[in-house]
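Structure, as structure tokens:
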Amino acid sequence: MTQAQATTQLHDYLATNPQASVMYRASDMIFNIHSDASYLNEPNGRSRVEGFYFLGSISLPTQPIILNGAIHVTCSVIKFTVTSAAEAELGALFLNCREGTNIRLILEETGYEGAGRMA
């Protein structure tokens, strides 16, 4: 994507969503990663990986997780061809956890106490 295309896309988004904002709510501040993959939707049989990293609440069966604004978002293409959607999801989980360990280390080194508990 060229810079002109990216600028046009940003202007289109801002014109369509004039009230867009990032919402932060009180939470347990537990490091969470939501991982996802889409199977065989890229050229040459590749799959796409997405990850949403945020500090939110502990996952409980009776309550939804409090979603705060992202501290990191990743979106990439798996460099190898997987043979099933389950493999794509497992690849996404591996890539997101590998990236998440770096963020967790940064949180620990800056004195954040809740970084050791990953939901």
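Miscellaneous remarks
- Out of Ser21, Ser27, Ser35, one residue alone is at pLDDT below 85, touching a Gly at 6+ places or on another chain (Cβ under 7 Å), outside any helix (DSSP H, G or I) and not aromatic (Phe, Trp, Tyr). It is Ser27.
- Look at region 55-67: where a residue is at positive phi, no partner that is buried (at least 16 other Cβ atoms within 10 Å of the Cβ) and assigned to a loop (DSSP other than H, G, I, E, B) sits 6+ places away or on another chain with Cβ atoms under 9 Å.
- In region 30-51, residue nearest to Cys75 (Cα to Cα) [restricted to those that are free of Cβ contacts under 8 Å to residues at least 60 places away in the same chain and of a type in the set (A, V, I, L, M, F, W, C)]: Val49
- Pick from region 87-96, criterion more than 11 Å from the chain's Cα centre (by Cα) and closer than 12 Å to Ser47 by Cα, ranking: surrounded by the fewest Cβ atoms within 10 Å (Cβ to Cβ): Leu90
- Val49, sole failed condition from (1) modelled with pLDDT of 90 or more; (2) out of contact with any helix residue (DSSP H, G or I) (no Cβ under 7 Å at 6 or more places or on another chain); (3) β-branched (Val, Ile, Thr): (2)
- Hits in region 74-86 (condition: surrounded by 11 or more Cβ atoms within 10 Å (Cβ to Cβ) and not in a loop (DSSP other than H, G, I, E, B)): Thr74, Ser76, Val77, Ala85, Ala86
- Subset of region 1-18 that is in a loop (DSSP other than H, G, I, E, B) and not aliphatic (A, V, I, L, M) - its residue that is farthest from Val77 (Cα to Cα): Pro18
- Condition check for Glu99: in contact with a strand residue (DSSP E or B) (Cβ under 8 Å, 6 or more places away or on another chain), surrounded by 14 or more Cβ atoms within 10 Å (Cβ to Cβ), part of a helix (DSSP H, G or I) and among the acidic types (Asp, Glu): yes
- Pairing residues of region 86-100 that are among the polar types (S, T, N, Q) and modelled with pLDDT of 90 or more with residues that are surrounded by fewer than 19 Cβ atoms within 10 Å (Cβ to Cβ) and not in a helix (DSSP H, G or I), at Cβ distances under 7 Å and at least 6 apart in sequence or on separate chains, gives Asn96/Thr74.
The values are calculated or read from the model by the stated rules, or taken from the named source; none is laboratory data. Computed from a prediction, not measured in an experiment: that's the story for all the values here. Quick reminder, even Gly has a Cβ in these numbers, built from the backbone with ideal geometry, and neighbours come from all protein chains shown.
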